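J.: One structure is given below, represented as structure tokens, and several questions about it will come after.
Here, each number is a calculation from the coordinates, and none is a lab measurement. As the structure is a prediction and not an experimental result, all values here were calculated from the model. When we count neighbours, we look across all protein chains shown, and the Cβ atoms used for this are built from the backbone with ideal geometry, even at glycine.
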Amino acid sequence: MSAEHQRHNEPGSVRPQAAAGPGRVSTLPGGQPDSAGPTARILILEDEAWDAELAQRLLTDAGLRFTAVVVATRDSFEEQLAAFRPDLILSDFHLPGFSGDSALEIAQERCPQIPFIFWSGVLGDEAAVDLIKKGATDYVLKDRPARLPAAIQRALAEAAQRARLAHLEDQLLQAQRLASLGQLAAAEQAVSRTRQMLADARRQAAAADPPPRPRSAPGEGTGPVPD
């Protein structure tokens, strides 16, 4: 078990390479360096170098553009949570002197809007259900790693949709304030436009939301029922 690992990979290279030193940022865009699309910031809480590199390799091979910071201690996790401002957190469950459970609690207190996915080798039924209830977005078992890219892409998409809805709702509130101040013409136009956009966004969110996943066989890692 290692104390702290940081991974670095130059754009376009094939395999993530290890780089020593806490707080180092590794940029690992999927596809070609000049490909279009946003770059996701992913904070990886993992003390095993191989597992951290495997996660990044899977995301790179899936074409996901991302920048990753790998940490392994509570102090570095809290530091990078504030400094790196991740779009998503990927966390092991068992770490020396720290735990994914504690990391989830910290994240829920400070940035509950950020998706939190567990990347664990061992996670029992009761623990998985408890973590989902506490706010975890999903989990992927390390012996079933192929699902990791899809789980992360879905979590990022859902978070972006929630942020868009929140922004539109804020616009609607601002338009309603204009109406309360007597600026009726501008307010009516803004309210009508924003309500239409909000309705469209909600329909898109409902259409994109798949039906609940069926209970899987133990160990499959496709829902909150691992081994």
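J.: Given R₀ = 30 Å, what would the calculated FRET efficiency be for Arg144 paired with Thr39, taking r from the Cβ atoms and rounding to 0.05?
T.: 0.65
J.: So if each residue of separation counts as 0.36 nm, and I subtract the Cα-Cα distance between Lys134 and Ala157, what length gain in nm does that give?
T.: Gain on extension, Lys134 to Ala157, equals 6.2 nm.
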